[in-house]
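The values are calculated or read from the model by the stated rules, or taken from the named source; none is laboratory data. Remember, it's a predicted structure, so these values are computed and weren't measured experimentally. Positions of Cβ are backbone-derived with ideal geometry, glycine not excepted, and every protein chain shown enters the neighbour counts. Only protein heavy atoms, including side chains, enter the accessible area calculation; ligands, DNA and RNA are left aside. Shrake-Rupley method; radii C 1.70, N 1.55, O 1.52, S 1.80 Å.
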Amino acid sequence: RTVYRDIVDLVASGTPIQGAPGIGYSLRAGYQLPPLMFEREELEALALGAAWVSGYGDPALRAAAERVLAKVDSVLPARLRPELRAAGMEVLDFGFSDAARACLASARGAIRDRRLLDARYIDESGRETVRRLRPLGLFYWGKVWTLAAWCELRRDYRSFRIDRFPALQALSEPIPDDPAISLRDFMARAREA
């Protein structure tokens, strides 16, 4: 049904589609989609966003940002290609370490795949603890990433600086379904504090 609704929407917008449900659809011969074109500031925003991801993302996100820019660059007219460099704007990573990038990747993957995390964490006093976490969300604070999580050790919500994890490993064990533990609840408690 979704495909049929999409076809109706495309026809309503002027796309010359022929056919019928159950039989098939085709575009009229010679029809081409209009090219996607960006304005100067949109290209600068893409370039700056990609530079930020390269500076503060994990290796997989960094590679994805580079692929996005390459795809956009491949369809841009030559006159607009320099705009994709965001000249004059720089993103400085302030020493975001490879170890922190690896922990960020583990946390991001665990959130996406709904997996528990085994963690070693060093608090601000230098004490190390071992914890099992239910990752809920990642937040960037201008210089550091933090992980919002349910901490099984403390039986409560906690916020952890990514750069203070000497080790963070996603487990194959899924996060247990518990509607009482959520990012929404974490945010509500944070607003109350």
**Fill in**
In Å, the Kirkwood hydrodynamic radius from C-alpha pairs for segment 135-191 sits at 12.4 Å
**Prompt:** Taking R0 as 25 Å, what's the FRET efficiency between ARG158 and SER125 from their Cβ-Cβ distance, rounded to 0.05?
**Reply:** 0.95
**Message:** Checking the a/c ratio against 1.5 first, then a/b against b/c, what shape does the Cα gyration tensor give for segment 37-76?
**Reply:** oblate
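Figure the gain on full extension for TRP141 and ARG112 (residue separation times 0.36 nm, minus the Cα-Cα span) and round it to one decimal in nm.
On the way: separation 29, 0.36 × 29 = 10.44 nm, distance 2.06 nm.
Taking TRP141 through ARG112 to full extension adds about 8.4 nm, to one decimal.
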**Message:** Compute the angle between helix 98-113 and the longest alpha-carbon principal axis of the chain, please, reported from 0 to 90 degrees and rounded to the nearest 10.
**Reply:** 70 degrees
**Prompt:** Can you give the Rg to Rh ratio of segment 52-144, both from alpha-carbon atoms, with Rh computed by the Kirkwood formula?
**Reply:** 1.09
**Message:** I'd like to know how the chain sits against the 2.2 N^0.38 Å rule of thumb: what's its Cα Rg over that expected value?
**Reply:** 1.41
**Potential lengthening between SER97 and ARG184 on full extension [0.36 nm per residue; Cα-Cα distance subtracted]** = 28.3 nm
**Request:** Using a Gaussian network model of the chain whose springs link C-alpha atoms within less than 10 Å, name the residue from ARG155, ARG85, ARG108 with the highest mean-square fluctuation.
**Result:** ARG155
**Probe 1.4 Å - accessible area at PHE165, Å² to nearest ten** = 10 Å²
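Can you classify segment 101-150 as rounded, prolate or oblate using the Cα gyration tensor, where a ≥ b ≥ c are the square roots of its eigenvalues, rounded means a/c under 1.5, and otherwise it's prolate if a/b beats b/c and oblate if not?
Values: a/c = 1.95, a/b = 1.18, b/c = 1.65.
Oblate.
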**Request:** Between SER172 and VAL11, with labels modelled 7 Å along Cα→Cβ, what's the label distance in nm to one decimal, could you check?
**Result:** 5.0 nm
**Item:** Helix 183-192 vs. the chain, principal-axis angle (Cα, 0 to 90°, nearest 10)
**Value:** 60 degrees
**Prompt:** Taking springs between alpha-carbon atoms closer than 10 angstrom, which of THR15, THR129, THR146 fluctuates most in the Gaussian network model of the chain?
**Reply:** THR15
**Complete:** Expressed in angstrom and rounded, the centroid-to-centroid distance over alpha carbons for segment 1-76 and segment 122-146 is 36 Å
**Request:** Name the most mobile residue of ALA20, ALA170, ALA70, meaning the one with the largest mean-square fluctuation, in a Gaussian network model of the chain with Cα contacts below 10 Å.
**Result:** ALA20
**Prompt:** When the helices in the chain are scored as -39500 (n - 2.57) per DSSP H run of 4 or longer and the sum is shared across all residues, what 222 nm value do you end up with, to the nearest 500 deg cm²/dmol?
**Reply:** -12000 deg cm²/dmol
**Fill in**
Rounded to the nearest 10, the angle in degrees between the Cα long axis of helix 59-75 and the longest principal axis of the Cα atoms of the chain comes to 20 degrees
